[in-house]
Amino acid sequence: MNVYHLPDAFVQSITDLYGAQGIAWLNAFPDHLAACVARWGLALDSPYALAYRFSYNYVAPVVRADGSPAVLKLGVPQGELLHEIAALRAYGGRGAVRLLDADSTIGALLLERVMPGTPLRELALRDDDAATAHAAQVMSTLWRTPPGDHDFPTVARWAAGLQRCRLRYHGGTGPLPRALVDRAEALFHELLDGSEPDYLLHGDLHHDNLLAAERAPYLAIDPKGVIGEAAYEAAALLRNPVPDIGAWSELHHRLARRVDILAEYLGLDRGRLIGYGLAHAVLSAWWSLEDHGAPDPLSLHIAATFAEF
């Protein structure tokens with residue numbers, strides 16, 4: 001595969017999401033890639049094919065000039081990618097992949113290559129209890145007091161996305177179930193008014209963002225970087241792995257088991273975990289509608305299941 005080739009679907013996604021900025025970045029991509037190769041002395045391999053399904057970034061294994069393996073990630077240098085760089089710097093390799101270097105002007109990250117790199121998804125399909133416990137261990141390692149000079153978004157700012165839904169549909173909820181949106185808004189209002197301390201959270205700690213590693217059982221990749229209380233971190237895990245979770249029988253029981261494990265391991269309130277699980281699932285369905293034109297049905301399924309708790 002040509003390492004400079006970008007699949008049509010990836011190009012379309014970048015264009016749809018970033019508009020003119022995305023088109024400019026795509027046009028400059030060969031120059032950016034060449035600059036990374038020259039700056040860091042890299043030998044490029046074919047990009048990870050699955051990366052295009054799960055992100056808006058070019059991700060490829062590389063070998064550095066000293067023969068050590070690494071990963072190169074290139075994306076549009078704004079918002080989430082810049083927050084990822086800042087979050088990885090704050091983590092310093094504790095619980096997360098190491099950031100070896102970065103160039104925020106072109107959206108380039110040189111990352112530790114996690115070996116063997118097997119996603120937590122594979123364990124979850126065999127033993128969900130064990131997978132949940134591993135995820136909890138990573139969570140407890142990652143959380144830290146927010147840096148004093150940060151510009152990370154907050155969970156409250158993310159939650160305000162549901163206001164855009166109301167504006168679009170003139171106070172309604174469009175294709176989203178009104179009862180679930182009403183419940184999510186009420187939960188966010190209640191939970192965000194609480195007095196729990198804030199941490200720097202990963203923000204998207206699901207099964208495909210946790211990889212088996214040599215220096216730790218699992219390490220996190222692709223942090224969003226968001227400021228909020230600890231219980232919110234579990235929300236992404238609770239609605240994953242996608243699409244497998246949609247076919248699970250006894251989903252209510254499985255989610256309850258996850259909540260119990262997380263509450264016990266992390267010392268978190270079970271009700272707050274459930275509340276964020278429902279509210280975040282509805283918010284994710286809205287993000288899907290906003291970005292891709294249709295709500296994510298699995299997120300709504302998870303939200304509806306939590307509404308039965």
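The values are calculated or read from the model by the stated rules, or taken from the named source; none is laboratory data. Fair warning: this is a prediction, and the values are worked out from it, not measured in the lab. Because the Cβ atoms are built from the backbone with ideal geometry, glycine has one as well, and the counts that use them run over all protein chains shown.
Residues in region 139-150 that are touching a residue at least 24 places away in the same chain (Cβ under 8 Å) and over 16 Å from Ala234 (Cα atoms): 4 in all.
Quick check on Leu237: is it in contact with a His (Cβ under 7 Å, 6 or more places away or on another chain), of a type in the set (A, V, I, L, M, F, W, C) and outside any loop (DSSP other than H, G, I, E, B)? Yes. All of Ala136, Ala130 fail the test of being touching a residue at least 12 places away in the same chain (Cβ under 8 Å) and in contact with a helix residue (DSSP H, G or I) (Cβ under 7 Å, 6 or more places away or on another chain), apart from Ala136.
Going by the conditions given, is Pro116 within 29 Å of Leu142 (Cα to Cα), in contact with a Gly (Cβ under 7 Å, 6 or more places away or on another chain) and touching a residue at least 40 places away in the same chain (Cβ under 8 Å)? No; evaluated as a whole, the condition is false for this residue.
Does Leu219 meet the test of being in contact with a Leu (Cβ under 9 Å, 6 or more places away or on another chain), within 22 Å of Asp260 (Cα to Cα) and at pLDDT 95 or above? Taking the combined requirement at face value, the residue does not satisfy it. Quick check: is even one residue across region 213-222 touching an Asp or Glu at 6+ places or on another chain (Cβ under 7 Å) and either buried (at least 19 other Cβ atoms within 10 Å of the Cβ) or of a type in the set (Lys, Arg) (or both)? Yes. One residue alone among Leu167, Leu125, Leu176 is more than 18 Å from the chain's Cα centre (by Cα), at pLDDT below 95 and outside the structural domain of Glu84 (by TED's automatic domain parsing), and that residue is Leu125. A single entry from Arg272, Arg254 fulfils the requirement of being in contact (Cβ under 8 Å) with a residue 24 or more places away in the chain, assigned by TED's automatic domain parsing to the domain that holds Ala136, closer than 23 Å to Thr141 by Cα and surrounded by fewer than 22 Cβ atoms within 10 Å (Cβ to Cβ): Arg272.
The condition (being in contact with a His (Cβ under 8 Å, 6 or more places away or on another chain) and assigned by TED's automatic domain parsing to the domain that holds Ala136) is satisfied by just one residue among Ala281, Ala263, Ala220: Ala220.
Only residues that are free of Cβ contacts under 8 Å to residues at least 40 places away in the same chain and either outside the structural domain of Ile106 (by TED's automatic domain parsing) or farther than 16 Å from Ala65 by Cβ (or both) were counted in region 23-40, giving 6. Of everything listed in (1) under 26 Å from Glu122 (Cα atoms); (2) modelled with pLDDT under 95, the single unmet condition for Glu290 is (1).
Checked against (1) within 20 Å of the chain's Cα centre (by Cα); (2) more than 30 Å from Gly148 (Cα to Cα), Ser249 passes all but a single condition, namely (1). Is region 171-187 home to any residue that is farther than 15 Å from Phe306 by Cβ and of a type in the set (S, T, N, Q)? Scanning region 171-187 turns up at least one residue that is farther than 15 Å from Phe306 by Cβ and of a type in the set (S, T, N, Q).
For region 153-161, does any single residue satisfy the condition of being among the charged types (D, E, K, R) and at pLDDT below 95? Checked region 153-161: no residue is among the charged types (D, E, K, R) and at pLDDT below 95. Scanning region 96-109 for residues that are in contact (Cβ under 8 Å) with a residue 24 or more places away in the chain and surrounded by fewer than 21 Cβ atoms within 10 Å (Cβ to Cβ) returns Leu100, Asp101, Asp103, Ser104, Thr105, Ile106. Every test in (1) over 19 Å from Leu262 (Cβ atoms); (2) modelled with pLDDT of 95 or more is passed by His202 save one, and that test is (1). Given the condition surrounded by fewer than 20 Cβ atoms within 10 Å (Cβ to Cβ) and in contact with a Ser or Thr (Cβ under 6 Å, 6 or more places away or on another chain), answer yes or no: does some residue in region 281-292 qualify? Checking region 281-292: not a single residue is surrounded by fewer than 20 Cβ atoms within 10 Å (Cβ to Cβ) and in contact with a Ser or Thr (Cβ under 6 Å, 6 or more places away or on another chain). Just wondering, is there one or more residues in region 135-143 that are closer than 18 Å to Tyr218 by Cβ, within 20 Å of the chain's Cα centre (by Cα), of a type in the set (Val, Ile, Thr) and outside the structural domain of Gln21 (by TED's automatic domain parsing)? Among the residues of region 135-143, at least one is closer than 18 Å to Tyr218 by Cβ, within 20 Å of the chain's Cα centre (by Cα), of a type in the set (Val, Ile, Thr) and outside the structural domain of Gln21 (by TED's automatic domain parsing), which makes the answer yes.
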